[in-house]
1. Need one number: nm distance between label points at V269 and V241, each 7 Å from Cα along Cα→Cβ, rounded to one decimal.
2. Using the alpha-carbon atoms, what tilt in degrees (0 to 90, nearest 10) does helix 280-303 show relative to the longest principal axis of the chain?
3. Decide, for the range 83-234, between rounded, prolate and oblate: order the square roots of the alpha carbon gyration tensor eigenvalues as a ≥ b ≥ c, take rounded if a/c falls under 1.5, and otherwise choose prolate if a/b is larger than b/c, else oblate.
4. I want the antiparallel fraction of DSSP beta bridges within the chain, as a percent rounded to 5.
5. Given the peptides 68-77, 207-216, arrange them by the average over their residues of other C-beta atoms within 10 Å, most packed first.
6. Against the longest principal axis of the chain, how steep is helix 71-91, in degrees 0 to 90 to the nearest 10, with axes from Cα atoms?
7. Toward the positive end of the charge dipole of the chain, about the Cα centre and with charges on Cβ (Lys, Arg +1; Asp, Glu -1), which of V73, T177, T97 goes farthest?
8. Subtract the Cα-Cα distance of L254 and E164 from 0.36 nm times their separation in residues, and report this length gain in nm to one decimal.
Amino acid sequence: MTAPALEKPPLPAQPSADPAPARTTAPASPEPAGRASSASPARRRFLQGAWAVSLLAVLITGFVGYLFTLSHVQERHYQSTAHKTFRDQLARAVAPTGAAADGDPVALLDIPAIGLHQAVVVEGTTGRDLMRGPGHRRDTALPGQAGVAVVFGRGASFGAPFAELSRLRVGDKIEATTGQGRFTYTVNVYGDGDHPISDPVRNRLVLVTGDSDWIPGSTVLVGARLDGDPETNPGGRPATVPYDKALAADKGALATLQLWMLGLLAAVVSATVLARVWHRSAAYLSLAPVVGALLWAVYENAAALLPNLY
C-alpha cells in the first residue's frame with residue numbers, strides 16, 4: 001500500500017527586488033554657524049540703540065514740556081509767595097531800598113499795556129534769579145530812585161513776564177512800587193543789542209528782554225522817563241557778576257546738573273533692581289515720586305544753562 005504524498009508548506013513571500021522607496025522629508029539645512037552668531041549681537045546692539053534713542057527723545061520732550069508749562073507753574077508759585085512777603089514788608093515799612101540778597105523781592109511792577117499786573121521784581125538778573133520773575137540788575141538804582149533802574153525779564157519761559165514788551169508804545173505808562181513809594185514812568189525810547197538806548201534824562205527805567213520767543217540772539221530795550229521827582233538813592237550797590245549780563249548762561253549750573261543726573265540714574269537703577277526682587281508695581285510706585293523730583297531738578301538746572309532772558 002503506497003503512503004500518501006505529503007504536501008509541502010507554502011514558502012514565505014520573498015521581498016520584492018525593487019521595493020518602493022519610503023517617502024521621507026529631508027531635514028532643513030542648518031544655518032551656517034557664522035551667520036547665526038553674528039546676527040544675535042547685531043540685533044542686541046540695534047535694540048540697545050533704539051532704547052537709548054527713545055529714552056533721549058522722551059527726556060528732550062519732557063524738557064520742552066517743562067520749559068513751556070511746568071516752569072510757568074513754578075514761577076507763579078514763587079510769585080504768589082513773594083507777593084505776600086513783599087506786601088507784608090511794605091506794610092511794616094521794612095522793604096529793601098538798598099542792596100538786597102539774590103532772589104529777594106524789591107519792587108512790584110505794573111504795565112497795563114501788556115497785561116502785566118503786580119509782578120514781583122526780585123534782586124539779581126542771573127538765570128536762576130529770573131526763574132522767579134523780573135529781575136533788578138544789582139548795580140543800578142531801584143525804580144523810583146535817582147539814576148537809571150534796569151529790570152530784566154524772560155520772554156518765553158518761567159512765566160514769560162516780558163513776552164509782549166515790544167508792544168509798548170511811546171506814552172504807555174509803567175508803575176513801580178517799592179519801599180519808598182509808588183512811581184510812574186512814561187515810555188519814550190527804544191533800543192536793542194546793537195543800538196543801546198540814548199536818553200539824556202537821568203532818572204529813568206530800562207526794561208530788557210530777548211528778541212525772540214525761541215533762542216534769543218539779541219535784546220529788546222524799552223526806556224521810560226520818571227514822572228515827578230525821584231527818591232534818594234542810598235548807593236552802595238554791589239558789582240555785577242558775569243551771569244548778570246543779558247543773554248548770559250549760568251555755567252555754574254553745569255556741575256550741579258551732572259550731580260542731579262547721577263542721582264536720577266541711581267534712582268532708575270534702584271527701581272529696576274527693586275522690581276526684580278519685589279512686587280514690580282509696588283517698586284515703581286514707591287520710587288516714582290523720587291524719580292519725578294530728581295527729574296524736575298535736572299530740568300531746572302538744564303534751564304539755567306539757557307540764556308537768562310529766554
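1. Once both label points are built, they end up 3.2 nm from each other.
2. 40 degrees
3. It comes out oblate by the Cα gyration axes.
4. 80 percent
5. Ranked from most to least packed, the peptides come out as 207-216, 68-77.
6. Taking the Cα atoms of the chain, the angle to 71-91 is about 30 degrees.
7. Among V73, T177, T97, the one farthest towards the positive end of the dipole of the chain is V73.
8. The span from L254 to E164 would gain 29.4 nm if fully extended.
We did not get these values from a lab; they are worked out from the coordinates using the rules stated. The structure presented is a predicted model; accordingly, all values stated were derived computationally and were not measured. Cβ sites come from the backbone with ideal geometry, for glycine too, and all protein chains shown count toward neighbours.
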